[in-house]
1. Tally time: how many residues in the range 56-111 are within 15 Å of the ligand (Cβ to nearest atom) and either β-branched (V, I, T) or not in a strand (DSSP E or B) (or both)?
2. With the requirement that a residue be under 19 Å from A99 (Cα atoms) and not in a loop (DSSP other than H, G, I, E, B), what does the range 17-42 give you?
3. Count, please, the residues in the range 22-41 that happen to be loosely packed, with under 15 Cβ neighbours inside 10 Å and in contact with a Ser or Thr (Cβ under 8 Å, 6 or more places away or on another chain).
4. Scanning the range 46-55 for residues that are farther than 15 Å from M100 by Cα and within 16 Å of the ligand (Cβ to nearest atom), which turns out farthest from the chain's Cα centre (by Cα)?
5. Within the set of pairs 6+ apart or on separate chains, which have a first residue in the range 106-127 that is surrounded by 10 or more Cβ atoms within 10 Å (Cβ to Cβ), a second that is among the hydroxyl-bearing types (S, T, Y) and modelled with pLDDT of 90 or more, and C-beta atoms under 8 Å apart?
6. I'd like to know if the range 137-157 contains one or more residues that are surrounded by 10 or more Cβ atoms within 10 Å (Cβ to Cβ), part of a helix (DSSP H, G or I), in contact with a helix residue (DSSP H, G or I) (Cβ under 8 Å, 6 or more places away or on another chain) and not hydroxyl-bearing (S, T, Y).
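The values are calculated or read from the model by the stated rules, or taken from the named source; none is laboratory data. Treat the numbers as computed from the prediction; the structure is a model and nothing was measured. Cβ atoms come from the backbone with ideal geometry, glycine included; neighbour counts cover every protein chain shown.
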Amino acid sequence: MSERKVLNKYYPPDFDPAKIPKLRLPKDRQYVVRLMAPFNMRCRTCGEYIYKGKKFNARKETVQNEAYLGLPIFRFYIRCPRCLAEITFKTDPQNTDYAMEHGATRNFQAQKLLEEEEKRMQKEREEEELNNPMKVLENRTKDSKLEMDVLENLQELKELNQRQANVDFEAMLKQHKEVEEEQRRKEQEEDEQEMKAMLEQAQNRRLLMDSDSDEEPAKHCPNPTTRTKPRAILKTKQNKNKTKKTPKKPPKKPTKKPQKTKPKQKKKPPTKKTPKTKKKRTL
Ligand SMILES: [Zn+2]
């Protein structure tokens, strides 16, 4: 039992490893692997579509005499699921992709093919220009001419569009009306605001007048905006004098005021602020 744990085995003195028979396998031997189709393709024999991701039991082999930077390239053999025709494709490490080999055509590649073609053209041109300075000039003039043509075409198209553009009178009228309406509304709002401002101003002035009236009543009398106060002040004076302005008395307030003046202390208050002035006066 202890034997199985032994790490060092006994080699007899005449042991020769070269004499051990080797398992000789062919280099292009094939393995069976399970894989998924790496791209969409269509069988050339029966026209069946094989979509990316379809699973196959494939045979895999290393491609002989072909490598990319030392990387081996593998080839896979699958069978069309409908007609059993053999389809092969290879790995393509240069483009990190797979390359169709035969038995099917690859689908949905138009964009890629176009890009490749463009790249190839560009490369060709560059090579040509490197060797031939005249070609450079030629290409440049060609390019500028092409650009001019494109611009011209664009201008023409624009003009054509303008010519075909219809004049919509209805829409124009409607727009005009809307603008007018807007203007009218604005004017109205402005008027209202002005009115409000003026009213406020007048009220403020009135308040100021009330607070100042006991000190300088004579100055404020001519002010036209504050009518009630100066009159009241005048009336109080009139009550004291009872000479000049008795005929001038305005309709309601003056008639009441003289009656109330008799108690002398709390006379007529047409507004709330007048009592203050009178109190001060009495004081
Ligand atoms: Zn097929």
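1. So the answer is 12.
2. The answer is V33, R34, L35, M36, M41, R42.
3. Counting residues in the range 22-41 that are loosely packed, with under 15 Cβ neighbours inside 10 Å and in contact with a Ser or Thr (Cβ under 8 Å, 6 or more places away or on another chain) gives 2.
4. This residue is C46.
5. Filtered contacts from the range 106-127: N107/Y49.
6. Yes, there is a match, as at least one residue in the range 137-157 is surrounded by 10 or more Cβ atoms within 10 Å (Cβ to Cβ), part of a helix (DSSP H, G or I), in contact with a helix residue (DSSP H, G or I) (Cβ under 8 Å, 6 or more places away or on another chain) and not hydroxyl-bearing (S, T, Y).
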